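First the structure, in the form of structure tokens, and then the observations on it.
The values are calculated or read from the model by the stated rules, or taken from the named source; none is laboratory data. Keep in mind that this is a model prediction, so the values were computed, not measured. Ideal geometry is used to build each Cβ from the backbone, glycine not excepted, and the neighbour counts take in all protein chains shown.
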Amino acid sequence: MFPFTENEKIFIRHLKQKYKEHYDNIQTIPYVKDKLYSISTVFVEGGMEYYTGSNWQKMNSYNEIAVIPPGTSKRSFILGGAGHGKSTLTLQYAYDWCNEVRNSFSSSFEIMILLRLRQLVGIQSVYTAIRRFILPKHSRLKEIDIKDIMENSSSVLLIFDGLDEYPQQDLSQNSDVTKILLSRIFPNFEVVVTSRYLPQHFSERIKRFRLTGFNEQARQRYIRRAITNEESKSQTIMQTLHKNPVTEYFCQVPLFFVMSAHMSHEDKEFSSLKTVTGFFKYMIKCFHMHMRNKLDDANVQHFFLYEKDHRELDLIAFRGLSGEQGRTVWTKEYLCERLGESFYQQYKRIGVLVEEDILEDDPTYHDSVKTQTQVSFCHKLFCEWYAAHYVTYVARSDTVNLQEFLKRVNQAGNQYMYRFACGINFEAAEKLIMYVKSKPDGNKFATLCLMEQEDKIESFLDIVKDLLSKKIELHKDINNFRQRFTLQLLETASRKNVSQNI
Ligand SMILES: Nc1ncnc2c1ncn2[C@@H]1O[C@H](COP(=O)(O)OP(=O)(O)OP(=O)(O)O)[C@@H](O)[C@H]1O
């Protein structure tokens, strides 16, 4: 289609190799390592909407990102809450590009670059990032070649995954990512950025999309594609998930749905879970249990200890989510030193921590290639889970100043850290809920945190009483976060027969 130079051909081949590695190795449950899926098997289209300037409109396909909303901006944001499928969608774009899928958005570009922003710790140059994180060790292409190819290419699609995890996300630094996002460089490249939230720096002109999750049809399609083709089995999975109020509610979030569907297929204990914290606790227990089953008796005690005692990991996770230089990727050496080799190996084995080899930041690497192993949590929610443990530990102390302690943790980007913390320890929860309430618009979020405490029926009754005493407006935009929450409160109230108690 395009007249390619030799270097371009090599570059494109390398890009495709790397993307294939990612999109062909999807783990639906982190501890199940022997069952890897290709994006082409598991991807189902969830809901997607675009912002018209005054409201959100439904889209028919993720490929419409090219044409709507009409406008000149070449900068698009795809927003979505935790686990809503932003990274998965970027892999689908990569798949379409690599396989030149007809009529797809990405396949119309000569070059597509997909970078995971959490990896760019201390890296300012986009060429360095591409050389280190995408090209293979022995590629003959140097940063200067990549620069040359990109500058001379007529059509480039850049996808930056996870701006909320970008170590320099305040965008005050003069990195290429910042310059690209603000169109100071490469104004003609098409740039797509995924993020849990929209940072303040962006003008109204930027195109905005959002992922709204899985509806009933998407869930059924997923089960048929990734779990079972048999109608009766697929019905049983759906019924198990519907029976449980927590899984039923969270099934709209693809991550929770996918994990629940796979686990409920294999595990009967599932139906008794009542809160997201309960769900996560159970999931982590399964991770450890699954591994223990494979171990000989002599090691059992050892692994039990690691399951309960993870204070150092909690601290690392918390620091990762807070601070100006917040990072959610670390070097293997650093983690092994902090956590101890055997703890590290255990968490890697069960799938909570995942490794990726990248080129070392060494200007001489073209002569002697050196690699470095970077480590991150298998999903950012796991980082929030362990950070939440640290928060409960600190929040329980009598002397702690929560305003000070939590001031650097972005609440919009790390909601689950707060919610998990409230579910893990009730003493800490009381303080945290007070803290959350003190923030602007904090009442509703505080209630969400409160819901993590399974036994707090009295507080729950007060909230529902308050809710029912006011006019409740429900709009057709059922994906609105607060509205979903209001619906969840009412649904739970009706299940618990609250009206009799009010
Ligand atoms: N469209 C989809 N089709 C099939 N599975 C999906 C889809 N979207 C998400 N999933 C499943 O949910 C998991 C989590 O999704 P993903 O990591 O893409 O979410 P995310 O929005 O990037 O989350 P976060 O903001 O927390 O990083 C995926 O690993 C995949 O198993």
Checklist line | GLU333 being part of a helix (DSSP H, G or I), exposed (fewer than 15 other Cβ atoms within 10 Å of the Cβ) and at pLDDT 80 or above | finding: yes
Next item on the list: Please work out which one of (1) within 16 Å of the ligand (Cβ to nearest atom); (2) in contact (Cβ under 8 Å) with a residue 40 or more places away in the chain; (3) assigned to a helix (DSSP H, G or I); (4) not hydroxyl-bearing (Ser, Thr, Tyr) is the condition ARG132 fails and give its number.
Entry: (1)
Check: Any idea which residue in segment 151-185 is farthest from the ligand (Cβ to nearest atom), counting only those that are at pLDDT 95 or above and either over 16 Å from ALA129 (Cβ atoms) or aliphatic (A, V, I, L, M) (or both)?
Finding: VAL156
Check: Would a scan of segment 163-175 turn up a residue that is surrounded by fewer than 22 Cβ atoms within 10 Å (Cβ to Cβ), under 21 Å from GLU21 (Cβ atoms) and small (Gly, Ala, Ser)?
Finding: no
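Give me a count of the residues in segment 101-114 that are free of Cβ contacts under 8 Å to residues at least 60 places away in the same chain and either more than 16 Å from the ligand (Cβ to nearest atom) or part of a strand (DSSP E or B) (or both). So that I can check it myself, show each step before the final result.
Initially, segment 101-114 is screened for residues free of Cβ contacts under 8 Å to residues at least 60 places away in the same chain, giving 101-108.
Remaining after also requiring either more than 16 Å from the ligand (Cβ to nearest atom) or part of a strand (DSSP E or B) (or both): 102-103, 107-108.
Qualifying residue count for the region: 4.
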Check: Among the residues of segment 207-229 satisfying the criterion of being surrounded by fewer than 20 Cβ atoms within 10 Å (Cβ to Cβ) and of a type in the set (A, V, I, L, M, F, W, C), which is farthest from the ligand (Cβ to nearest atom)?
Finding: ILE227
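Which one is modelled with the lowest pLDDT, of the residues in segment 40-91 that are under 18 Å from ALA261 (Cβ atoms) and more than 8 Å from the ligand (Cβ to nearest atom)?
To start, the set of residues in segment 40-91 that are under 18 Å from ALA261 (Cβ atoms) comprises 41-47, 82-85, 88.
Keeping just the survivors that are more than 8 Å from the ligand (Cβ to nearest atom) gives 41, 47.
Details: THR41: 91, GLY47: 94.
Only one residue fits best here, namely THR41.
Filter segment 336-353 down to the residues that are in contact with a Phe, Trp or Tyr (Cβ under 6 Å, 6 or more places away or on another chain) and not in a helix (DSSP H, G or I), then identify the one that is nearest to LYS35 (Cα to Cα).
Kept after step one, since they are in contact with a Phe, Trp or Tyr (Cβ under 6 Å, 6 or more places away or on another chain), are these residues of segment 336-353: 336, 343, 346, 350-353.
Checking which are not in a helix (DSSP H, G or I) leaves us with 351-353.
Numbers: GLY351: 13, VAL352: 16, LEU353: 17 Å.
Top of the filtered list is GLY351.
So, in segment 119-142, exactly how many residues are charged (D, E, K, R) and more than 19 Å from LEU158 (Cβ to Cβ)?
So the first thing to find is which residues in segment 119-142 are charged (D, E, K, R), and the list is 131-132, 137, 140, 142.
This time we only want the ones that are more than 19 Å from LEU158 (Cβ to Cβ), so: 137, 140, 142.
Final tally of qualifying residues: 3.
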Notebook entry, point to check: Does segment 118-131 contain any residue that is closer than 30 Å to GLY320 by Cα and touching a Gly at 6+ places or on another chain (Cβ under 8 Å)?
Noted result: yes
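Residue-by-condition table, conditions (1) among the aliphatic types (A, V, I, L, M); (2) touching a helix residue (DSSP H, G or I) at 6+ places or on another chain (Cβ under 8 Å); (3) more than 30 Å from VAL354 (Cα to Cα):
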site	(1), (2), (3)
ILE123	yes, yes, no
ARG131	no, yes, no
MET150	yes, yes, yes
LEU157	yes, yes, no
LEU163	yes, yes, no
ARG210	no, no, no
